[in-house]
Each structure stands twice: as C-alpha cells, then as structure tokens.
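Readers should treat all values here as calculations from the given coordinates under stated rules, not as data from a laboratory. Nothing here was measured: the structure is a model prediction, and the numbers come from that model. Every residue, glycine as well, gets a Cβ built from its backbone with ideal geometry; the counts of neighbours run over all protein chains shown.
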Amino acid sequence: MSKYVFSDEEYGDVLDSFVIGCVDVAVCYKGKILLEIRMNNPIKDEWWIFGGRIQRNEDLNAAASRGVYRELGVKLPRERYSVIGVYNLIWPVRREPDELNGCHHLLIAHHVELSHREYIDVNEFVATSSMTAKWFDFKEIVDGRFLNEIKDITFKSSQQY
C-alpha cells in the first residue's frame, strides 16, 4: 500500500470533496470518562475524546486501538473496543486551508473500559504530555456545558459500565 502525504492545501481540497471517516474512543474507568481540550479546529478549545481518521483497508476496532495508542500510549487489543454510536458531524471550520470551508466527518464512536493498571499508565502518559486532559464523572458531562455529541457519547458509555 502506497502512503502519499498530502500538503495542507491538497488535504483542504480533499475536505472540500469528501466525507472523512473517523473513529474516536470514549476511554473510561469506573464511571469516569477521559476528555482532552482540542488544540486545533474544527473543535478548538472544546473537550473531546481520542482517536482520528480511519486508514484505507483498516478495521474499525484496529483504528480505535491505533488512535488510543498514539494519543494515550496504551496498546489495547482491538477486541476490547465496542461501537456505541455513529455521528454525522458537519463542522463550520477546519484546520486546513480554506479554514472557513469547514469539514464533514462520519464518526464511529467506540467505548473502552480500562483496567486499574491501564488507568495508571494513561495517567502517567498524560502527565508527561503537552495535552490538557481530565477525568470527568459521567454525570458531570451529561449535566454540564459540553458539546451535545460528547454528552450523547458519555451517556452511551455509562450504559456500558
């Protein structure tokens, strides 16, 4: 499989033409969900879950595992992830030029419950990274000022607990 790396301008052209498939994961531990503040558009300065784009020919659970490993440093077997929802996300802005053209993502949200050891490992990884991340009680999210998609994903994760 050939890997071509698009420039920001080329990827902007892709975003103008296609819906991008993404897998994001609600990483949970004993009634809590880990969220991070996004540093870039399309949801800059909002709390969100972890993941990213699906690669060509990639299984959804493999994409979930790859994203969690890349963003949180913990490698979990693909069988541990479960799909909890599909979201059609149309954002008014994006990171790539032309920023005001926005982007369209089809998000397949997953849930994973950490063991105590994995919870410790994730916390150590977060503490040494540059990200702003925090554990929230499920109820804090559902009753708080968060994006509706995060509220829904959190509610569905609470049903897994």
message = Explain nothing, just compute: Karplus ³J(HN,Hα) = 6.51 cos²θ - 1.76 cosθ + 1.60, θ = phi - 60°, for every residue of the range 19-33 in order, whole Hz, x for Gly and Pro.
response = 8, 9, x, 10, 10, 10, 10, 7, 8, 10, 7, 6, x, 10, 10
request  = Calculate the spin-label point distance for Q55 paired with E10, positioning each point 7 Å from the Cα along the beta-carbon direction, and give it in nanometres.
outcome  = 1.7 nm
query = Rounded to the nearest 500, what is the chain's calculated 222 nm mean residue ellipticity when only DSSP H runs of at least 4 contribute -39500 (n - 2.57) each, over all residues?
reply = -9500 deg cm²/dmol
Cut-off under 5 Å, modelled amide H: who pairs with G21 long-range = I54, L106
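When all alpha-carbon pairs of the chain are counted, what percent fall beyond 29 Å?
Every Cα pair in the chain considered, those over 29 Å come to 16 percent.
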inquiry  = Per-residue counts of other Cβ atoms within 10 Å, averaged by peptide: what ranking do you get for 94-100, 44-50, 127-133, highest first?
reply    = 44-50, 94-100, 127-133
inquiry  = Give me, ordered by chain and number, the residues 5 or more places off H110 or on other chains with an amide H under 5 Å from its own placed amide H.
reply    = D24, V25, A26, I84
